[in-house]
Amino acid sequence: MPDIPITVASGEYDRIRAIRDGTVKVEGCAVTYHVVEPNQLFVRNLKAQEFDVSEMSFSTYIALRDQGKAHYTAIPVFLSRAFRHSAIFVRTDRSIASPADLKGKRVGTPEYFTTMLVWMRGLLSDEYGIKPSDLRWRLGPLERPALASAPSQPAGPTGSAADVEIEAIPAGKTLAGMLAEGELDAVFSARPPSCFLRPPPSPPLQTAGGREAVARLFPNYRAAEQAYYRKAGVYPLMHALGIRNSLVEQHPWMAGSLFHAFNKAKEIAVADFGKLSAFAVTLPWLEAEYRATQDVLGEDIWPYGVAANRKAIETLCRYLHEQGFTQRRMGVDELFAPGIAR
């Protein structure tokens, strides 16, 4: 029986390279691999499901699954995951020394409904008692001037709680600029705003808020993230892999073939950390970094499968429901394709 041709798309990661270059085969499939920047890929697959197998926003998938509108079925291959303590940037003149000090503050972020923001709001609620409604949310581009005021409600599938203040920033403004000028107290962003990367002017500019230094709320975010993991046992999941529903129905074995291939590709990538006679990865003290990470996360520092990630999946499902993005709290075992060794 000839291999079934399928298209696969994801971002560029070391953990997919062995499939993309053909070193690892997807059993029963002839793969054409496309590398697409994830945010672009998510938009394209929401508008028109271009690829048979695709990296996808995990929170968007769960919300769509809740509504019965998901065009893909998840495979427990988590291509992106990250702790996000490093993504909170604050002005140093607003007496924000801890997460509790964010209460009542104006917080800018590019979008309200992203997996990163769902995790960050959940973290603030669980660990510090700060609810989404305790913050005053301002939405807009980080560095590119806003063209026009966007709708005040987030673009999430079911919206947010009614008591959450969400407004668009004015046209022509940027989040980085508003933070620098004192119009925002904090910005939540995976990418540091430009005002964080440059020192404040001397003498200070006489602007509405005064241009002050911007700092991370968690300067030693690595220690904070490791402490969180040790306490909560959760390594946040950002992106999963999805297979077109029709393929799951026609070829139930295919999801398992994909899972095993992506798991093998990840193992090959991680094995590069152990090539010490001539480093495969451009990082000095590679072995020490790898072993230190294992000391925190365990032997498999980037696990796939449901069992190893059940707590993180359950936590994300809870956060999505608490924040108003799903009608009910989704169950872990209703999210993934059947027939995969978990």
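The values are calculated or read from the model by the stated rules, or taken from the named source; none is laboratory data. The shown structure was predicted, so the numbers you read here are calculated from the model rather than taken from an experiment. Quick reminder, even Gly has a Cβ in these numbers, built from the backbone with ideal geometry, and neighbours come from all protein chains shown. These area figures cover heavy atoms from the full protein model, side chains too; ligands, DNA and RNA do not enter into them. Shrake-Rupley method; radii C 1.70, N 1.55, O 1.52, S 1.80 Å.
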Picking from Phe78, Phe83, the residue that is open to solvent by less than 40 Å² (accessible area, probe 1.4 Å), in a loop (DSSP other than H, G, I, E, B) and not β-branched (Val, Ile, Thr) would be Phe83
Taking the residues in the stretch 238-268 that are farther than 15 Å from Ala9 by Cα and of a type in the set (Lys, Arg) as candidates, determine which candidate is surrounded by the fewest Cβ atoms within 10 Å (Cβ to Cβ).
Lys264
So how many residues does the stretch 205-227 have that are hydrophobic (A, V, I, L, M, F, W, C), modelled with pLDDT of 95 or more and part of a loop (DSSP other than H, G, I, E, B)?
2
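Identify all residues within the stretch 254-290 that are among the basic types (Lys, Arg) and free of Cβ contacts under 8 Å to residues at least 12 places away in the same chain; write none if there are none.
Taking the stretch 254-290 and keeping what is among the basic types (Lys, Arg), we get 264, 266, 275.
Across the stretch 254-290, the qualifying residue is only Lys275.
In the stretch 86-96, what residues are among the small types (Gly, Ala, Ser) and either crowded, with 18+ Cβ neighbours inside 10 Å or touching a residue at least 12 places away in the same chain (Cβ under 8 Å) (or both)? Let's see the steps before the verdict.
So in the stretch 86-96, the residues among the small types (Gly, Ala, Ser) come out as 86-87, 95.
Answer for the stretch 86-96, where residues must be among the small types (Gly, Ala, Ser) and either crowded, with 18+ Cβ neighbours inside 10 Å or touching a residue at least 12 places away in the same chain (Cβ under 8 Å) (or both): Ser86, Ala87.
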First in the stretch 97-108 and more than 15 Å from Val214 (Cα to Cα), second anywhere and surrounded by fewer than 17 Cβ atoms within 10 Å (Cβ to Cβ), Cβ under 6 Å, 6 or more apart:
Pro99/Tyr128; Ala100/Tyr128
If we keep only residues of the stretch 130-144 that are part of a loop (DSSP other than H, G, I, E, B) and in contact with a Lys or Arg (Cβ under 9 Å, 6 or more places away or on another chain), then the residue surrounded by the most Cβ atoms within 10 Å (Cβ to Cβ) is Gly140
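Being at pLDDT 95 or above, out of contact with any Asp or Glu (no Cβ under 6 Å at 6 or more places or on another chain) and either at positive phi or part of a strand (DSSP E or B) (or both) is the requirement here; does Val118 meet it? Walk me through it before giving the result.
Values: at pLDDT 95 or above: yes; out of contact with any Asp or Glu (no Cβ under 6 Å at 6 or more places or on another chain): yes; either at positive phi or part of a strand (DSSP E or B) (or both): no.
Spelling it out, it is not the case that Val118 is at pLDDT 95 or above, out of contact with any Asp or Glu (no Cβ under 6 Å at 6 or more places or on another chain) and either at positive phi or part of a strand (DSSP E or B) (or both).
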Do any residues in the stretch 242-253 that are over 21 Å from Glu55 (Cβ atoms) have Cβ atoms under 6 Å from those of residues that are open to solvent by 40 Å² or more (accessible area, probe 1.4 Å) and modelled with pLDDT under 95, where the two are at least six apart or on different chains, and which pairs are they?
Pro252/Gly339
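Tell me, which helices (runs of 4 or more DSSP H) wholly within the stretch 2-75 include 2 or more residues that are of a type outside the set (Ser, Thr, Tyr) and under 27 Å from Arg329 (Cα atoms)?
38-47, 58-67
Could you count how many residues in the stretch 145-169 are assigned to a loop (DSSP other than H, G, I, E, B) and either modelled with pLDDT of 95 or more or aliphatic (A, V, I, L, M) (or both)? Break it down stepwise before answering.
Going residue by residue through the stretch 145-169, those that are assigned to a loop (DSSP other than H, G, I, E, B) are 145-164, 169.
Among the residues that remain, those that are also either modelled with pLDDT of 95 or more or aliphatic (A, V, I, L, M) (or both) are: 146-148, 150, 155, 161-162, 164, 169.
Within the stretch 145-169, residues that are assigned to a loop (DSSP other than H, G, I, E, B) and either modelled with pLDDT of 95 or more or aliphatic (A, V, I, L, M) (or both) number 9.
Return the residues of the stretch 286-321 that are of a type in the set (Asp, Glu), closer than 19 Å to Gly233 by Cβ and in a helix (DSSP H, G or I); say none if nothing qualifies. Before you say what the answer is, go through the steps one by one.
Of all residues in the stretch 286-321, those of a type in the set (Asp, Glu) come to 287, 289, 295, 299-300, 314.
Checking which are closer than 19 Å to Gly233 by Cβ leaves us with 295, 299-300, 314.
Selection gives Asp295, Glu314.
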Can you name the number of the only condition in (1) open to solvent by 60 Å² or more (accessible area, probe 1.4 Å); (2) modelled with pLDDT under 95 that Val281 fails?
(1)
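Can you name every residue in the stretch 226-241 that is among the aliphatic types (A, V, I, L, M) and touching a residue at least 12 places away in the same chain (Cβ under 8 Å)? Let's see the steps before the verdict.
Initial filter on the stretch 226-241 (among the aliphatic types (A, V, I, L, M)): 227, 232, 234, 237-238, 240-241.
Selection gives Ala232, Val234, Leu237, Met238, Ala240, Leu241.
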Among the numbered criteria (1) open to solvent by less than 20 Å² (accessible area, probe 1.4 Å); (2) over 25 Å from Ala269 (Cβ atoms), which single criterion is violated by Thr115?
(2)
